[in-house]
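Working notes, beginning with the structure itself.
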Protein chains: 4
Amino acid sequence: MTGDAKPLRADALRNRARVLEAAELILARDGLSASMRAIAQEAGVGLGTIYRHFPTREALHQAIIADRMRRLIDEGEELRTAADPGAAFLRFFTLVVDSAKRKKILADALAQAGVDPKDGLSDVRRDMRHAIESLLTRAQRSGAIREDLRMPELLALLSATCVAAERSDWSPDLQDRTLRLLFDAFLPGPRRHLPPCTDTP
Amino acid sequence: MTGDAKPLRADALRNRARVLEAAELILARDGLSASMRAIAQEAGVGLGTIYRHFPTREALHQAIIADRMRRLIDEGEELRTAADPGAAFLRFFTLVVDSAKRKKILADALAQAGVDPKDGLSDVRRDMRHAIESLLTRAQRSGAIREDLRMPELLALLSATCVAAERSDWSPDLQDRTLRLLFDAFLPGPRRHLPPCTDTP
Amino acid sequence: MTGDAKPLRADALRNRARVLEAAELILARDGLSASMRAIAQEAGVGLGTIYRHFPTREALHQAIIADRMRRLIDEGEELRTAADPGAAFLRFFTLVVDSAKRKKILADALAQAGVDPKDGLSDVRRDMRHAIESLLTRAQRSGAIREDLRMPELLALLSATCVAAERSDWSPDLQDRTLRLLFDAFLPGPRRHLPPCTDTP
Amino acid sequence: MTGDAKPLRADALRNRARVLEAAELILARDGLSASMRAIAQEAGVGLGTIYRHFPTREALHQAIIADRMRRLIDEGEELRTAADPGAAFLRFFTLVVDSAKRKKILADALAQAGVDPKDGLSDVRRDMRHAIESLLTRAQRSGAIREDLRMPELLALLSATCVAAERSDWSPDLQDRTLRLLFDAFLPGPRRHLPPCTDTP
DNA sequence: CATGAATGAGGGTTCATTCAT
DNA sequence: GATGAATGAACCCTCATTCAT
């Protein structure tokens, strides 16, 4: 699917892993603007080695994000059979926020889960969207989540939470209280009809 | 308080304003990575002129942010006497998000409204916090907003919304629906007691 | 024409000249692959200074070539009124070869005097072509140069001679003898009809 | 003489040939700056294989040039017994130009046929020189080529023509006309006494 | 022997900042 | 004060060459 060609030599595989690991670390520390050199140094490899595995700075970023998203999607898969669909949905939301907060870099990609430019992340983004949607639908069917919660605003709030968590280094306690609060908005029940709030385009 | 030292000459003042204006425009267009040269060009002044008024790229950013925050704080002040305290509170929230979305650059500063590092923004950040707090308290007293909504999570969600709005270019419609949804979390009423959600630090 | 905008500051002008001078020297030594860094060092300026004056490596090359060509074209202009048209024509040929040999870099541009890609050198190349053509025509009219000598093959031989001279560092003596020999081909007089010589395309 | 040491294994020999062939192709396409990787790819061998046979990029170039020169020298050998010595001489000149034009890379080596640095090409260059000289002498004896044509300027013009042909991609027609013109300079007959032409060293 | 992964110097270029004009 | 020329560190990336597999 993703284009695995040859099985790669053992040392190459190990180096690729080291690069990914180092990149995660450095990107988590310095943000998207982290330099390739810093990553190479942290990984203990030459600059060229990074470029062998990831032809471009962008490609490295995407690889990391795709990697992390895949893992999240897998966890989402497992949660699809959880006993409590509502809890499962909220749990997944939390997992995503956690991942963003710990590893950074994730939020930007997430922010465009609904957009899909042509950047090689389209597939994994689509899968992520599906994972969320399927958990949401199940939770709604079970009556745990309000019926009128739709994907666009859900994604908007998810990505918002991720960016904030990843930028502001929310303490576990703050994150907990913030998410609890936010989740209240997802519950079914009587709603006030609030006046329209935005004005300027 | 804000540290005005000498009564700048008329033309110097005008130049300062032109730079700020241009910087807003360019930063809104190119984001934080906008180059000083681009700003100087847009302002129609020399590079040196920018540096005369703002000793550092960072200082310019802060000036812009402080500027914008001041204006928001002023609007908050006016809303303190609005007829409907609940609406006023939500309206202010919306105003801040709008500002972030239109002008960029704002969200990052906001994200640290609760932190206060030692950058020249502590004052205005404190004022912003006060503005929000005062609107919140009034809205809570009026019964429009739940009693247990506290500043930390409110700021967290506000900054989250701002960053997301500013990054993802939410359409007016999406922004509207997202904020409505979020605001439901602020309403008083029966709450489900959700299980704690985060785990890893 | 060439786009002179503002009169440039004195020091800027001086630096520009230093860069050009250094570039000529270094390019003559290292060929087209000379590094910008080497040129900056030789010029005693920062790298950025080069890029201020010449936005691109290519632009610097072209500036040098254009410069040199212009000077040659000017010399050609003077030769148009020389007493002996035949000698003038040959003298110009020699001047061009001399310039190529001493300064390198010239030949490549010359090689495409007949081609004209879109590289900012089109103008000067056209002028060079005109200069040559006008000297040639005059020499032919005077009977000093054979009538059937046409521009394409003349340019071919001129550029050939230039490249060779610039690459092989012909000694003055060798250059003299080579040109004398070649010039014999330009003289009028009885010609043997040689059989076609090329075969493969 | 040429330095064959050990009787390479069959597959090694085949690989060497494949590399040479690929290198010719790629160098003809991309010029001297063609990358080793491109050549390896075209040859269908690993990078290491190239380096096993040619310790250096330079060595590979030389091997190719030597190869091509050898072939040319062989053709020269055959032409030594041709019926028309004058035509044979000119034909050889043309063959060399053709080869340069089609395969690139040749001209530089040729340019130094008279110089002989210590680069492993000395032998073949000497042979080439001999081949030319012998054809020239024979043609002169037959009266077809002027007596006073000497090797240095002949080589100079030959290499000039080669570089130009290889760089400018002369059309067959242009090449034909250019060579015919040039060859007129080689013919015996009355010569004008041209004034000395070069001045600056 | 063949392979191709690893290396890292070096290339062109950008840009925040300083300072002579 | 205002200007913009100069600076040079830093960035991303390429590629000849080496060497573990």
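The values are calculated or read from the model by the stated rules, or taken from the named source; none is laboratory data. Small disclaimer: the values here were computed from a predicted structure and weren't measured. For neighbour counting, all protein chains shown are included, and Cβ atoms are generated from backbone atoms with ideal geometry for every residue, glycine included.
Taken together, A:A83, A:A107, A:A87 contain a single residue that is loosely packed, with under 14 Cβ neighbours inside 10 Å and in the same structural domain as A:D169 (by TED's automatic domain parsing), which is A:A83.
Got a number for residues in the range C:41-67 being more than 15 Å from C:A22 (Cβ to Cβ) and more than 16 Å from DNA strand F (Cβ to nearest atom)? The total comes to 4. If you filter the range B:134-163 down to residues that are more than 9 Å from chain A (Cβ to nearest Cβ) and of a type in the set (K, R), you find that the one that is surrounded by the fewest Cβ atoms within 10 Å (Cβ to Cβ) is B:R141. Inside the range D:121-151, residues that are more than 17 Å from D:F92 (Cβ to Cβ) and small (G, A, S) make up a count of 2.
Here the helices (runs of 4 or more DSSP H) wholly within the range C:84-186 that include at least 2 residues being acidic (D, E) and either more than 21 Å from C:Q62 (Cβ to Cβ) or touching a Cys at 6+ places or on another chain (Cβ under 7 Å) (or both) are C:172-184.
For the range D:164-187, which positions are within 7 Å of another protein chain (Cβ to nearest Cβ) and in contact with a Lys or Arg (Cβ under 8 Å, 6 or more places away or on another chain)?
The initial filter retains those residues of the range D:164-187 that are within 7 Å of another protein chain (Cβ to nearest Cβ), namely D:164, D:167-168, D:170, D:172, D:174-185, D:187.
Hits for the range D:164-187 are D:W170, D:Q175, D:R177, D:D184, D:L187.
Out of all the residues in the range A:80-88, is one or more more than 14 Å from chain B (Cβ to nearest Cβ), among the hydroxyl-bearing types (S, T, Y) and within 8 Å of DNA strand F (Cβ to nearest atom)? Within the range A:80-88, none of the residues are more than 14 Å from chain B (Cβ to nearest Cβ), among the hydroxyl-bearing types (S, T, Y) and within 8 Å of DNA strand F (Cβ to nearest atom). For the range A:4-50, the set of residues classified as assigned to a helix (DSSP H, G or I), surrounded by fewer than 16 Cβ atoms within 10 Å (Cβ to Cβ) and hydroxyl-bearing (S, T, Y) consists of A:S33 only. With respect to C:R70, determine if the residue is more than 28 Å from D:G31 (Cα to Cα), away from DNA strand F (no atom under 15 Å from the Cβ) and either at pLDDT below 95 or not assigned by TED's automatic domain parsing to the domain that holds C:L121 (or both). When the stated conditions are applied, C:R70 passes them. Selection over the range C:30-40 of residues that are within 12 Å of DNA strand F (Cβ to nearest atom) and of a type outside the set (D, E, K, R) gives a count of 5. Residue pairs whose Cβ atoms lie under 7 Å apart, sitting 6 or more positions apart in sequence or on different chains, and linking a residue in the range B:53-67 that is within 12 Å of B:I105 (Cα to Cα) and assigned to a helix (DSSP H, G or I) to a partner that is within 15 Å of DNA strand F (Cβ to nearest atom) and small (G, A, S), are B:L60/B:A23; B:I64/B:A23.
Here the range C:9-68 is the region considered, the condition is being more than 11 Å from DNA strand E (Cβ to nearest atom) and among the acidic types (D, E), and the residue that is nearest to the other protein chains (Cβ to nearest Cβ) is C:E24.
Residue-wise test of (1) closer than 21 Å to D:R138 by Cα; (2) more than 16 Å from the chain's Cα centre (by Cα).
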| position | (1), (2) |
| --- | --- |
| D:A23 | no, yes |
| D:L27 | no, no |
| D:G31 | no, no |
| D:A43 | no, yes |
| D:F54 | no, yes |
| D:L72 | yes, no |
| D:E77 | yes, no |
| D:A82 | yes, yes |
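All told, D:I105 meets the bar of being at pLDDT below 90, under 17 Å from the mean Cα position of the chain (by Cα), closer than 30 Å to C:L106 by Cβ and of a type outside the set (G, A, S). Looking at this structure, is D:T81 out of contact with any His (no Cβ under 8 Å at 6 or more places or on another chain), of a type in the set (S, T, N, Q), in a loop (DSSP other than H, G, I, E, B) and free of Cβ contacts under 8 Å to residues at least 60 places away in the same chain? Here the answer is yes, as D:T81 does meet what is asked.
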